[in-house]
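Undergrad: To start, I am sharing the structure in question, which I have written as structure tokens.
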Amino acid sequence: MKEYQTITEISGPLVYAEVDEAIGYDEIVEIETAQGETLRGQVLESSEGVVAIQVFEGTSGIDQNASVRFLGETMKMPVTEDLLGRVLDGSGRPIDDGPEIVPEERQDIVGAAINPYSREYPEEFIQTGVSAIDGMNTLVRGQKLPIFSSSGQPHSDLAMQIARQASVPEEDENEGDDEDGSEFAVIFGAMGITAEEANEFMADFERTGALERSVVFMNLADDPAVERTVTPRMVLTTAEYLAFEKDYHVLVILTDMTNYCEALREIGAAREEVPGRRGYPGYMYTDLAQLYERAGRIEGREGSVTQIPILTMPGDDDTHPIPDLTGYITEGQIYVDPDLNSQGLQPPINVLPSLSRLMDDGIGEGLTREDHADVKDQMFAAYAEGEDLRDLVNIVGREALSELDNKYLDFADAFETEFIDQGFDTDRDIEETLEIGWDLLSMLPTDALNRIDEEFIERHYREDDSEREIIEAAD
Amino acid sequence: MSKAESTETTGDGVIQSVSGPVVSARDLDARMNDVVYVGDEGLMGEVIEIEGNITTVQVYEETSGVGPGEPVETTGEPLSVDLGPGVLDAIYDGVQRPLDVLEEKMESPYLDRGVDAPGIDLEKEWEFEPTVEVGDEVGRGDVVGIVEETITIDHKVMVPPDALEEDETTEVVAIEAGSFNVTETVAELENGETVSMHQEWPVREPRPSNEKKTPRTPLVSGQRILDGLFPIAKGGTAAIPGPFGSGKTVTQHQLAKYADADIIVYVGCGERGNEMTEVIEDFPELEDPANGNPLMARTSLIANTSNMPVAARESCIYTGITIAEFYRDMGYDVALMADSTSRWAEAMREISSRLEEMPGEEGYPAYLAARLAQFYERAGYFENINGTEGSVSAIGAVSPPGGDFSEPVTQNTLRIVKTFWALDADLAERRHFPSINWTESYSLYKNQLDPWFEDEVADDWAEKRQWAVDVLDEETELQEIVQLVGKDALPDDQQLTLEVARYLREAYLQQNAFHPVDTFCPPEKTYLMLTTIETFNDEAFDALEAGVPIEDIISTDSAPQINRIGVQDEYETYVEDLKAEIAEELRSLY
């Protein structure tokens, strides 16, 4: 390993150094400053004689006398099952004063693409206990389902609720032996969140005892921005290891992807690249895909990696490049809605624009319940109808509407208060979610239920109000 | 170069710099678009720029760890695909490496680097049945024999287009039936050329044909809104733009499953891994609606998911269309789905920006429009060089950022394609699927396809379609008023029009891709459904004229049954009974 004192240029997070040997693309670099501080970086561009290095901790303190060491390998994450229960910084170093981590393996953090031929199609229902997700936009194992939120919304509460409640029902009852081989683990990757938010997450993890089955990576708002570009890769490398080598069902929560993308833009700008939309690099789609696509299942392996990335949409605008590119890669999205939030709904999920692409194969007989798909379709249609009518009511008033239209309006109101607004501490199983659904649908006449099989209507439709158990009980 | 033959490589090039998928080498003696092997691991790449002594290469594999000083070797040949029996029922990455073989060779579910594999199995033996005899004259592209490639498709072994000059013919001097692998000679020609089942063809060059003709047969898709309102021809081009979540992929999948083409080439270009897995798992089990065989028997899949190397994403579209052209040459109707062409354009943009080319609109290279046009022009209804007729239909999904159709990829695509299926986020949000917007979409093939529908389905096909379009247009106008004053403020006849339009939307335009029966709707059923709604329309207006109150007309028991036609297997009798019932019930009101 050769040491150089040949730094020629320092610009933003980048350092250029002259070299007289071949340096590999993506190789890891250590820079020792005159003060004796060691900083880490990565080769971004390697030409003959000169390399561009991206420094994770930021370049302050580096001068032309700093020495540069090339480690001759790409960035690795030391992985072991013992990581469970640990808190690490954004570069994977423990910060919880725990014992030193003895890695079983060191894995390259730029994961190779999973061969599509080797994947297994995700179709096992994950019960999150949240009706708006389980009932309307079901999550399945191996899916990547982001939460689209904006500043000031309780997306963290929702993420914590999911992390706390997520379970795979039935299977553990029917095939009890499945449990020992595949447990749930949560890997939490924080990128640029505030210390306060981080404390809330940690407190929740500790309060519910979830920490023992979790690995936490913390890159806080005042940590170097460039480090954020490695944090999710560390997270996902750990997730893949636990899922595909140790048979865990891993739920990965990444927050906040917007900060990650900002860091990408910063590096792109420092390298004077031709920018794409809104100054974000043209390769952002590919870069994000390399993270999100690491969710999935692999044939012949027990575990799975399920991702819930959280992003705050600048200006609550989902055409902004970050949510836009994300939406094109992920298998759906969950919208957190500021209007519903100001109405006090918990969780304030707007189901209409939300979507789970893998839902259709993860629900139905044997998975959730045979009427699930029909109930979901009908509730979407009825709620959309009610939403439309709300605009109209503002102009013409309720009296001008037909009886059926009034029923749709009532349905939309009840849908929000009974179905969506369950509170961050309520855990509903899928049976309960669907029964509430039927209670609500029974507010409409049977011939308006054109998306539900007649057989199900006969079985579940509440002919009179006394059958509506749940709402009655709630009143 | 093709991966089937080990071509001599000439070395000497040395890497000068590496930046992501773009590598520059000096002293490399290569031509534009030649395939080269980069670095100690021999990563596959293609020459994309030559400037003085410096050759720039896009690498089809991950380049981390590759550094200056490592060697670059050229093969001296352009990127080509291996063509021959075995292309169907296969799944490839963007440079035609079979993914199942890669899994085996890499012994890992992850895609490793520097592993190569021929596009077709070179060892497998096929039963060759000659169709010409010794002494017959053959020209280029002529079929000399047949191989049963899959249960559905007979693979026609052709004289390669480059074996003879145009219009030149030669005598067959030896040909025999038997079991051969793809590289063995199955026929010898008098001019010294030999014919084997294996051909290779450079992906960026269209295969030759005699003539492009006007397409006159529809590509029947079994999707009501497509067949009924916006049909595409065999040999036609279509674009499906839409924001995320609007159902591009489901529409593409439906077409791949039910379109009445002989061969399907499905290109997953920069899309989701799980979606490709769904295709890989579903297609072998799904039945071909034409003959009940597994769908995979007529399908070739190209899967270059979004996290696979970006340069291979750029090439996967070409790989797909070259395979499509090969089967077209055999006289088959081929449909190619590309999901999504935006990812392909973005791959071009990414490479272009790494080359520091001057960007055009929104950072896309200035040659974006030309590349898109070149791709769609390779579709069409052709008279092949062997005199047979075949077609390539190209259907490209477009993923406009933010769902804004004014962006360069959508706009440049619309200038070329003749069918436009506009997906609509609003419709998707209310779970109206397929969420194709009926006011924005269009098909320029309508008129040339109507004669076919009139001969094959019903002679008033075009008339009925126009009726439906008129009602839907009227509804759009009325809805604007309803938004202001409410439905009840409208006169009775207009309220009734809204009711008829509602049936058109809910029963006719919506189709449930996940319902076993409704997922595929033959044109006859599409037509009958429309006539049922028209029956309701006519009877209801008669009743209204006779003085029946509008409330009674719209609250009959029989009319809502229209919404259930889609899920009926035995639809003929159901429709007949329903029409009678509607007439009877409405007439009983006056």
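The values are calculated or read from the model by the stated rules, or taken from the named source; none is laboratory data. Note that the coordinates shown come from a computational prediction; the quantities given were computed from them, not determined experimentally. Backbone-built Cβ (ideal geometry, glycine too); neighbour counts: all protein chains shown. Ligands, DNA and RNA are excluded from the accessible area calculation, which covers all protein heavy atoms including side chains. Shrake-Rupley method; radii C 1.70, N 1.55, O 1.52, S 1.80 Å.
Undergrad: Kindly report, to the nearest 10 Å², the accessible surface of B:SER588 as traced by a 1.4 Å probe over protein heavy atoms only.
TA: 90
Undergrad: For region A:211-368, rounded, prolate or oblate, judged on the Cα gyration tensor with a ≥ b ≥ c (square roots of eigenvalues), a/c < 1.5 rounded, else prolate if a/b > b/c? Mind dumping the intermediate values first?
TA: Numbers: a/c = 1.66, a/b = 1.18, b/c = 1.41.
Oblate, since a/c reaches 1.5 and b/c is not below a/b.
Undergrad: Relative to the compact-globule scaling 2.2 N^0.38 Å, provide the ratio for the alpha-carbon radius of gyration of region A:197-281.
TA: On the way: Rg = 15.7 Å, N = 85, 2.2 N^0.38 = 11.9 Å.
In units of the globular-protein estimate, region A:197-281 measures up at 1.32.
Undergrad: Which residue, chosen from B:MET32, B:ALA345, B:PHE382, occupies the Cα position most advanced towards the positive end of the dipole of chain B, where the dipole is computed from +1 (Lys, Arg) and -1 (Asp, Glu) charges on Cβ about the Cα centre?
TA: B:ALA345
Undergrad: On the accessible surface of region B:39-167, probed at 1.4 Å, how many percent belong to carbon and sulfur atoms?
TA: Details: 2070 of 4990 Å².
In region B:39-167, the share of accessible area belonging to carbon and sulfur is 41 percent.
Undergrad: What do the square roots of 5 times the Cα gyration tensor eigenvalues come to for chain B, in whole Å, largest first, as semi-axes of the equivalent ellipsoid? Walk me through the numbers before you get to the answer.
TA: Details: eigenvalues 495, 169, 74 Å².
Ellipsoid half-lengths, sorted descending, are 50, 29, 19 Å.
Undergrad: While we're looking at this one, here's another question. Return a whole-number percent for the relative contact order of chain B, with Cα pairs under 8 Å and 6 or more residues apart as the contact set. List each step's numbers first, then the result.
TA: Details: 1296 pairs, mean separation 75.3, N = 590.
Once divided by the residue count of chain B, the mean separation gives 13 percent.
Undergrad: Please work out the FRET efficiency for the pair A:SER342 and A:ASP317, using the Cβ-Cβ distance as r and a Förster radius of 25 Å; give the result to the nearest 0.05.
TA: Details: r = 18 Å, r/R0 = 0.72.
With a Förster radius of 25 Å, E is 0.85.
Undergrad: Using only protein heavy atoms and a 1.4 Å probe, how much accessible area in total is buried between B and A, to the nearest 100 Å²? Before the final figure, lay out the partial values.
TA: Details: alone 24270 and 20110 Å², together 38190 Å².
Looking at B and A, the buried total is near 6200 Å².
Undergrad: Using a 1.4 angstrom probe, figure out how much accessible area region B:378-453 has per residue, in square angstrom, rounded to the nearest whole. Show your work: numbers first, answer last.
TA: Numbers: 2400 Å² over 76 residues.
Counting only protein heavy atoms, the per-residue value for region B:378-453 is 32 Å².
Undergrad: Then there is this: Looking at region A:106-123, which residues lose a minimum of 20 Å² of accessible area between their chain alone and all protein chains in place, measuring with a 1.4 Å probe and not counting ligands or nucleic acids?
TA: Checking the loss per residue gives A:VAL110, A:ALA112, A:ALA113, A:ILE114, A:ASN115, A:PRO116, A:TYR117, A:SER118, A:ARG119, A:TYR121.
Undergrad: Remind me, relative contact order of region A:67-218 in percent, using alpha carbon pairs under 8 angstrom and six or more residues apart? Before the final figure, lay out the partial values.
TA: Details: 151 pairs, mean separation 45.7, N = 152.
Dividing the mean separation by the residue count of region A:67-218 yields 30 percent.
Undergrad: How much mean residue ellipticity at 222 nm does chain A get from its helices, if each DSSP H run of length 4 or more adds -39500 (n - 2.57) and you divide by all residues, to the nearest 500 deg cm²/dmol?
TA: Working: 16 runs with 153 residues, N = 475.
It lands at -9500 deg cm²/dmol.
Undergrad: Treating the beta-carbon of each Lys and Arg as +1 and of each Asp and Glu as -1, no other charges, what is the dipole magnitude of chain A about its Cα centre, to the nearest 20 debye?
TA: Values: 34 positive and 105 negative charges, 438 e Å.
Dipole magnitude for chain A comes out near 2100 debye.
Undergrad: Pick out, in residue order, every one of the trypsin sites (Lys or Arg not before Pro) in region B:366-429 that is DSSP loop and has at most 13 other C-beta atoms within 10 Å; say none if there are none.
TA: Values: sites: B:ARG371, B:ARG378, B:ARG415, B:LYS418; in loops: B:ARG378, B:ARG415, B:LYS418.
Hits after loop and neighbour filter: B:ARG415.
Undergrad: Could you let me know the centre-to-centre spacing of region A:37-69 and region A:419-461, using Cα atoms, in angstrom?
TA: Between the Cα centre of region A:37-69 and that of region A:419-461, the gap is 59 Å.
Undergrad: Summarise the accessible area of region A:1-64 (1.4 Å probe, protein heavy atoms) by the percent that is carbon and sulfur. Can you show the working numbers first?
TA: Working: 1080 of 2710 Å².
Its accessible area is 40 percent carbon and sulfur atoms.
Undergrad: Also, I was wondering about something else. Using the Cα centre as the reference, give the magnitude of the dipole from point charges on the C-beta atoms of region B:506-550 (Lys, Arg: +1; Asp, Glu: -1; all else neutral), rounded to the nearest 20 debye.
TA: 240
Undergrad: Evaluate E = 1/(1 + (r/R0)^6) for A:GLU196 and B:ASP12, where r is the Cβ-Cβ distance and R0 equals 51 Å; express this FRET efficiency to the nearest 0.05.
TA: Values: r = 60 Å, r/R0 = 1.18.
The pair A:GLU196/B:ASP12 has a calculated efficiency of 0.25.
Undergrad: Sticking with this structure for a sec: Residues of region A:38-66 losing 10 Å² or more of accessible surface, assembly versus chain alone, probe 1.4 Å, please list them.
TA: SASA drop of 10 Å² or more in region A:38-66: A:GLU45, A:SER46, A:SER47, A:GLU48.
Undergrad: Have a look at A:VAL15, A:SER60, A:LEU71 and report the one farthest towards the positive end of the charge dipole of region A:1-86, computed about the Cα centre with Cβ charges (Lys/Arg +1, Asp/Glu -1).
TA: A:SER60
Undergrad: So, one more: Take every DSSP beta bridge whose two residues both sit in region B:244-352, then give the antiparallel share in percent to the nearest 5.
TA: Working: 1 of 13 bridges.
Taking every DSSP beta bridge within region B:244-352, about 10 percent pair in antiparallel fashion.
Undergrad: In addition: Anything losing 40 Å² or more of accessible area from the isolated chain to the full protein assembly: pick those residues out of region B:283-320, probe 1.4 Å, ligands and DNA/RNA ignored.
TA: Buried by 40 Å² or more upon assembly, which counts only protein chains, are B:SER306, B:ASN307.
Undergrad: Hey, got the dipole for chain B? About the Cα centre, +1 on K and R Cβ, -1 on D and E Cβ, debye to the nearest 20? Please list the in-between numbers first.
TA: On the way: 41 positive and 118 negative charges, 338 e Å.
Approximately 1620 debye in magnitude.
Undergrad: Same structure, new question: Looking only at region B:533-553, which residues have a backbone nitrogen under 11 Å from a spot 7 Å from the Cα of B:ALA583 in the C-beta direction?
TA: What the label zone holds, given the 11 Å backbone N cut-off, is B:535-536, B:539.
Undergrad: Accessible area per residue of region B:1-116 at 1.4 Å probe, in Å²?
TA: Numbers: 4120 Å² over 116 residues.
In whole numbers, region B:1-116 has 35 Å² accessible per residue.
Undergrad: Measuring from label point to label point, each 7 Å out along Cα→Cβ, what is the B:PHE514 to B:ILE481 span in nm?
TA: Result for the modelled spin labels: 3.8 nm.
Undergrad: Here's a follow-up. On C-alpha positions alone, give me the angle between the axis of helix B:461-485 and the longest principal axis of chain B, in degrees, nearest 10.
TA: 70
Undergrad: Once you order the gyration tensor axes a ≥ b ≥ c over the Cα atoms, which shape class does the protein assembly as shown get: rounded for a/c under 1.5, otherwise prolate or oblate by comparing a/b with b/c?
TA: Details: a/c = 1.97, a/b = 1.13, b/c = 1.74.
Because a/c hits 1.5 or more and a/b fails to exceed b/c, the protein assembly as shown counts as oblate.
Undergrad: Sticking to Cα atoms, compute the Rg of chain A to one decimal and its Dmax as the biggest Cα-Cα distance, whole number, in Å.
TA: 25.1, 85
Undergrad: I've got another one for you. Tally up the carbon and sulfur contribution to the accessible surface of region B:210-329 as a whole percent, 1.4 Å probe, everything protein left in place. Numbers along the way, then the final one.
TA: Values: 1060 of 2260 Å².
Of all accessible area on region B:210-329, carbon and sulfur atoms account for 47 percent.
Undergrad: Can you give the accessible area per residue of region A:344-433, in Å², using a 1.4 Å probe?
TA: Values: 3350 Å² over 90 residues.
Averaged over the residues of region A:344-433, the accessible area is 37 Å².
Undergrad: List the GluC sites (Glu not before Pro) in region A:236-333 that DSSP assigns to loop (not H, G, I, E or B) and whose Cβ has at most 12 other Cβ atoms within 10 Å. Which are they? If you can, show how the numbers build up before the last one.
TA: Numbers: sites: A:GLU240, A:GLU245, A:GLU262, A:GLU266, A:GLU272, A:GLU273, A:GLU293, A:GLU299, A:GLU302, A:GLU331; in loops: A:GLU245, A:GLU272, A:GLU273, A:GLU293, A:GLU299, A:GLU302, A:GLU331.
Sparse-neighbourhood loop GluC sites (Glu not before Pro): A:GLU272.
Undergrad: Please compute the length gained on full extension between B:ASP552 and B:ASN210, using 0.36 nm multiplied by the number of residues separating them and subtracting their Cα-Cα distance.
TA: Working: separation 342, 0.36 × 342 = 123.12 nm, distance 6.30 nm.
Extra length available between B:ASP552 and B:ASN210 comes to 116.8 nm.
Undergrad: How high is the FRET efficiency between A:ILE95 and A:GLU18 when r is their beta carbon distance and R₀ equals 41 Å, given to the nearest 0.05?
TA: On the way: r = 35 Å, r/R0 = 0.86.
According to the calculation, E is roughly 0.70.
Undergrad: Just going by the charge dipole of region A:199-254, with Lys and Arg at +1 and Asp and Glu at -1 on Cβ, which of A:VAL252, A:MET202, A:MET218 is farthest out on the positive end?
TA: Result: A:VAL252, furthest along the dipole toward the positive end.
Undergrad: Using alpha carbons only, how many angstrom separate the centre of region B:85-118 from the centre of region B:527-564?
TA: Spelled out, the Cα-based centre of one part sits 57 Å from the other.
Undergrad: In region B:439-476, what trypsin sites (Lys or Arg not before Pro) fall in a loop by DSSP, with at most 10 other Cβ atoms inside 10 Å? Each step should come with its number before you reach the end.
TA: Values: sites: B:LYS446, B:LYS464, B:ARG465; in loops: none.
Filter output for region B:439-476: empty list.
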